[in-house]
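What follows is a set of notes on a single structure, which appears directly below.
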Amino acid sequence: MNIKQIKPNTNNPRIIKGDKFKKLVQSIKDFPEMLKLRPIVIDEDNIVLGGNMRLRACTEAGLTDVPVKVAKGLTEEQKREFIVKDNVGFGEWDWDILANEWDNVLLKDWGMDVWQPEEDVDYSILDGEDLSSDLSDMKGGVRKAIQIEFELEHYDEASELVRFWRQQGAYVGSMIMEYLKEEKNKL
């Protein structure tokens, strides 16, 4: 369908902006065949139900025609439901498989938020730390780590807080998990 005939859905609550939007535009330029496999879904009035951001990215990429699938006979409530369900990620990533069997640079190029390559990780938080007791504790069982990103203006404070609680003998991972569980339960 001619891209000018398709109407963006102004009530779609899902947006992609900034760098992620640029990556979406680039992915469409690099792999436009994917649009045939996952066309933009529209209703009988040519209003987008699924693919609002892809439509915008297709326009930005200079496409004039895009594959569409027309969803016929849906009620207004079903259309609203489709808009949300089309954008909900029900699954989760198997990070072990991604880390061991996929190229993180390609995954990042494809728009996925991935871990940093080891050479880009800032280990300065460990400067001056005596980890010998922590390392001996690890002999009895393996510990895993999750990298938590902080904005530059919060990094020093976060580093100080982690250091403080470690000095108190606290298990910081448990503290974070408890807080995140409490916040999740509020939703």
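Every number in this text was worked out from the coordinates using simple rules, so none of it is lab data. Keep in mind the model is a prediction, meaning the values are calculated, not measured. With ideal geometry, Cβ positions are generated from the backbone for all residues, glycine too; neighbour counts draw on all protein chains shown.
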Report summary line: Residues other than residue 17 with Cβ under 13 Å of its Cβ, Lys/Arg counted +1 and Asp/Glu -1, net out at +3
Report task. Report the calculated FRET efficiency for residue 70 and residue 110 (r = Cβ-Cβ distance, R0 = 45 Å), to the nearest 0.05. Result -> 0.95
**Report entry** Label-point separation, residue 44 to residue 5 (7 Å along Cα→Cβ), nm
**Finding:** 1.7 nm
Report task. Report the relative contact order of segment 3-85, percent, no decimals, based on alpha-carbon pairs under 8 angstrom and at least 6 residues apart. Result -> 38 percent
Requested in this report: Could you pull out the pairs from 29/85; 4/36; 17/79; 20/108; 4/69; 20/184 whose alpha carbons sit more than 20 Å apart here?
Outcome: 29/85; 17/79; 20/184
Query raised in the report: Cα convex hull of segment 27-113: how many Å³ per residue?
Result: 115 Å³
Report task. Calculate, in nm to one decimal, what residue 97 and residue 19 gain on full extension: separation in residues at 0.36 nm each, minus their alpha carbon distance. Result -> 25.5 nm
Query raised in the report: In whole Å, how far is the Cα centre of segment 1-35 from that of segment 55-96?
Result: 10 Å
Report task. Any chance you could run the full-extension gain for residue 187 through residue 163? It's 0.36 nm times the residue separation minus the Cα-Cα distance, nm to one decimal. Result -> 5.6 nm
